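The values are calculated or read from the model by the stated rules, or taken from the named source; none is laboratory data. If you're wondering where the values come from, they're calculated on a predicted model, not measured in any experiment. Cβ sites come from the backbone with ideal geometry, for glycine too, and all protein chains shown count toward neighbours. Calculation scope for accessible area: heavy atoms of the full protein, side chains included, ligands and nucleic acids excluded. Shrake-Rupley method; radii C 1.70, N 1.55, O 1.52, S 1.80 Å.
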Amino acid sequence: LASSVGRLNWAVEPRESEVLFAVIGEGHPSSDENASRTGNQIQGFDLTQEGKHLVTLPNEKIESPNEWKMLQRVVFNGAPVIRDNKLYVTGTLGRRGSTEAWVFCFDVTPRGDSSRGEGKLQWMTMVCAKKTQSAMWGGDDNSADGAEIASLAEQGGMLYASTQMGAAAGIDRDSGELCWVAKYERHQNVTELSWTGNSPSAACGLVVVTPDHSPFAVVLDGITVRLN
């Protein structure tokens with residue numbers, strides 16, 4: 001579905017690896033806490049060692065029962081951002097009566113053994129939510145036809161997210177703190193699942209959001225969220 005390559009420093013030996021993280025597998029946000037995992041996951045491959053598999057995220061071996069119970073129902077949507085041995089990625093979670101957009105941070109420091117902490121969840125932050133429409137994730141295969149939150153943009157220690165819920169957000173990369181949420185006008189004649197997942201762009205202290213379901217491109221100050 002999406003992929004990124006990042007350079008990681010190993011914890012147990014002085015070497016670096018180029019690692020490909022690929023978001024794969026179909027799924028849909030389930031509001032049933034007893035449902036099996038969605039089939040959607042993130043796979044890490046060490047390109048320095050001929051694509052050797054490193055880790056699967058979420059990693060059941062190291063997460064707490066409560067975190068694993070939630071993570072196995074998340075559908076990861078966008079291409080990951082990899083910085084300083086951390087992986088940041090967007091995802092969608094179904095609740096009873098609503099759909100939520102989240103941002104997640106995992107520690108992806110290679111240790112040579114996925115049971116020793118590779119892929120440990122560091123923080124997770126909900127950006128926004130909306131009421132679930134009837135048969136919103138419908139279709140014969142019961143899978144999602146569109147993403148509710150796009151790939152992240154990153155600038156100066158901040159992460160920026162754009163959703164199909166009428167909101168964009170700025171998140172502190174280190175702490176996961178939700179620094180701001182900005183609403184924008186939604187076009188009323190666009191169907192719920194027509195979005196193609198436009199990611200925000202961040203440069204020169206500004207954030208540009210171009211959602212398909214809005215008639216405008218929105219330019220915001222990345223820190224103060226002032227509308228330019």
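Being among the aliphatic types (A, V, I, L, M), assigned to a strand (DSSP E or B) and either at pLDDT 90 or above or open to solvent by 80 Å² or more (accessible area, probe 1.4 Å) (or both) is the requirement here; does ALA22 meet it? When the stated conditions are applied, ALA22 passes them. Residues in the range 101-115 that are in contact (Cβ under 8 Å) with a residue 40 or more places away in the chain and either open to solvent by 10 Å² or more (accessible area, probe 1.4 Å) or of a type in the set (Val, Ile, Thr) (or both): TRP102, VAL103, VAL108, THR109, ARG111, GLY112, SER114, SER115.
Scan the range 195-219 residue by residue and report those that are within 15 Å of GLU154 (Cβ to Cβ), open to solvent by less than 20 Å² (accessible area, probe 1.4 Å) and either part of a strand (DSSP E or B) or in contact with a Gly (Cβ under 9 Å, 6 or more places away or on another chain) (or both). Scanning the range 195-219 gives VAL207, VAL209. In the range 151-171, the qualifying residues are those that are out of contact with any strand residue (DSSP E or B) (no Cβ under 6 Å at 6 or more places or on another chain) and over 22 Å from THR99 (Cβ atoms), and the one that is most open to solvent (accessible area, probe 1.4 Å) is GLY156.
Once the range 86-100 is narrowed to residues that are open to solvent by less than 20 Å² (accessible area, probe 1.4 Å) and among the polar types (S, T, N, Q), the residue that is farthest from the chain's Cα centre (by Cα) is THR99. Please verify whether GLU67 is farther than 20 Å from GLN155 by Cα and open to solvent by less than 30 Å² (accessible area, probe 1.4 Å), treating the condition exactly as stated. No.
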